[in-house]
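Since the structure comes first, as structure tokens, the remarks are kept for the end.
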Amino acid sequence: MNITQILSQELSATAAQITAAVELLDDGATVPFIARYRKEATGGLDDTQLRRLAERLQYLRELEERKAVVLKSIEEQGKLSDDLRAQIEAADNKTALEDLYLPYKPKRRTKAQIAREHGLQPLADVLLAEQSQDVEAAAQGYLNENVPDAKAALDGARAILMEQFAEDAELIGTLRDKLWNEAEIHAQVVGGKETEGEKFSDYFDHREPIRAMPSHRALAVLRGRNEGVLNIALKYQPDDTPITQQSEYEQIIARRFKVSDGHKWLRDTVRLTWRAKIFLSLELEALNRLKEAADTDAITVFARNLKDLLLAAPAGRLTTLGLDPGYRNGVKCAVVDDTGKLLDTVIVYLHQENNMLATLSRLIKQHGVKLIAIGNGTASRETDKIAGELVREMSKMGLHKIVVSEAGASIYSASELA
């Protein structure tokens, strides 16, 4: 499925609408411009759809570019099978793609790589496949000048298996989802920071499910950590769980690689893989995901509050004449009553001052206007001057004027609400 088809499904739009919008965006047009002036080209896509389209378009293009890099890298290593290529091409998000790439991603020489160079891959394979063997005895057959004893051999084999377990894309996806859905975030005050960090006192010993944490609490806890007041950790089992007890996550890893319950060495390998490699990585991912979600939610709340502020009546509930100043296209005028209902519209021109004064005077008298609101954009000063003359001439009507911000007006004018 190509990008156009994906966007068409996600936005419930036709391929022609998506193609037209993408071409406009690629030509440098902004979302507000397209929503307001290119509705005929996009088939009426609104600003919300266009903004979502722009965001997803960028993401999907970055995903395709990354896929090309990953495929080239694995192919150059001579390890690109048809099945792996199909999995990579089918990956629908960056996280899934990176999970697939992890075993093939060039990295610094790890303990596992060194162990392979020392000929310990066959030992690791044997220990996993033939779990009835005595590990000490099995290791004796792999000693050499680089592997002086059984302990060194088993340490190397363990490093290989830990890397193998931790780079299984399907397994990592399962563990990631389980951790996000079930883990709790635990915040605790750093010793000696109680007074200095008093504003974070609500979180000195705070615990709640990470997936359900509201954005304001998440941001507060993360800020407390950044300021050195709070320690944060993910908890995936009760605090009183014996350290030797196998967690559900370790059980999932063991089942994935068919590790028997009675094989202590392999069970210990699974435990180390989870606690020292996989969990630490997934914990960091989860906290980053929490922050991204909290940031997005906070921005949405701030935007909603700002919208209410920008759309608030400039002087309370009064019948208002709004003036959108302009030179070539004229001054656009609209009268609304004290409930916001549209009563009248007209366009007047600054270079026809007498006609402008007469038209505005008629609107004011006809609708009982009490306030003139002038946008602070282009030609605002000249428009304000004429409005001032009207206020002086019609002072007995209790008429007033005010200059207001035009911030957001263009986007709002193209919205479904407007």
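The values are calculated or read from the model by the stated rules, or taken from the named source; none is laboratory data. Bear in mind the structure is a predicted one, so any value in this text is a computation, not a measurement. Virtual Cβ from ideal backbone geometry, glycine too; neighbours counted across all protein chains shown.
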Going by the conditions given, is E65 touching a Lys or Arg at 6+ places or on another chain (Cβ under 8 Å), within 30 Å of D168 (Cβ to Cβ) and assigned to a helix (DSSP H, G or I)? no
Flag if A286 is among the small types (G, A, S), under 27 Å from G173 (Cβ atoms) and without any contact (Cβ under 8 Å) to a residue 60 or more places away in the chain: no
Does Q58 count as assigned to a helix (DSSP H, G or I), modelled with pLDDT under 95 and not hydrophobic (A, V, I, L, M, F, W, C)? no
Checking L11 against (1) over 24 Å from T296 (Cα atoms); (2) surrounded by fewer than 20 Cβ atoms within 10 Å (Cβ to Cβ), the condition it does not meet: (1)
Residues R211, R217, R207, R223: which one is free of Cβ contacts under 8 Å to residues at least 60 places away in the same chain, surrounded by fewer than 16 Cβ atoms within 10 Å (Cβ to Cβ), basic (K, R) and assigned to a helix (DSSP H, G or I)? R223
List every residue pair whose Cβ atoms lie under 6 Å apart, where the two residues are 6 or more positions apart in sequence or sit on different chains, the first residue falls within the stretch 184-202 and is under 13 Å from I232 (Cβ atoms), and the second residue, located anywhere, is surrounded by 13 or more Cβ atoms within 10 Å (Cβ to Cβ) and aromatic (F, W, Y). A187/Y203; V189/F204
Checking A334 against (1) closer than 30 Å to P214 by Cα; (2) in a strand (DSSP E or B): exactly one of these is not met. Which one? (1)
Counting only residues that are of a type in the set (D, E, K, R) and assigned to a loop (DSSP other than H, G, I, E, B), which one in the stretch 288-330 is farthest from A218 (Cα to Cα)? R328
Can we say K193 is in contact with a Phe, Trp or Tyr (Cβ under 8 Å, 6 or more places away or on another chain), surrounded by fewer than 18 Cβ atoms within 10 Å (Cβ to Cβ) and under 30 Å from P209 (Cα atoms)? no
By residue number, the members of the stretch 314-326 that are surrounded by fewer than 17 Cβ atoms within 10 Å (Cβ to Cβ) and either over 24 Å from L357 (Cα atoms) or at pLDDT 90 or above (or both) are G316, R317
Go through the stretch 366-386 residue by residue and tally those that are assigned to a helix (DSSP H, G or I), touching a residue at least 12 places away in the same chain (Cβ under 8 Å) and over 21 Å from A407 (Cα atoms). 3
Select from the stretch 258-273 the residues that are free of Cβ contacts under 8 Å to residues at least 60 places away in the same chain and under 36 Å from the mean Cα position of the chain (by Cα) and list them in ascending order. R271
Matching residues in the stretch 233-257 - criterion: being in contact (Cβ under 8 Å) with a residue 24 or more places away in the chain and either more than 30 Å from S132 (Cβ to Cβ) or exposed (fewer than 11 other Cβ atoms within 10 Å of the Cβ) (or both): A233, L234, K235, Y236
Can you name every residue in the stretch 286-313 that is more than 28 Å from V404 (Cα to Cα) and either in contact with an Asp or Glu (Cβ under 7 Å, 6 or more places away or on another chain) or surrounded by fewer than 12 Cβ atoms within 10 Å (Cβ to Cβ) (or both)? N288, E292, T296
Subset of the stretch 1-27, residues small (G, A, S) and under 17 Å from E55 (Cβ atoms), comes to S8, S12, A13, A21
Cβ-Cβ under 7 Å, sequence separation 6+ or interchain: first residue in the stretch 35-60 and free of Cβ contacts under 8 Å to residues at least 40 places away in the same chain, partner among the hydroxyl-bearing types (S, T, Y) and not in a helix (DSSP H, G or I). Which pairs? G43/T14
Exactly one of (1) touching an Asp or Glu at 6+ places or on another chain (Cβ under 9 Å); (2) more than 18 Å from T273 (Cα to Cα); (3) at pLDDT 95 or above is unmet by A115. Its number? (2)
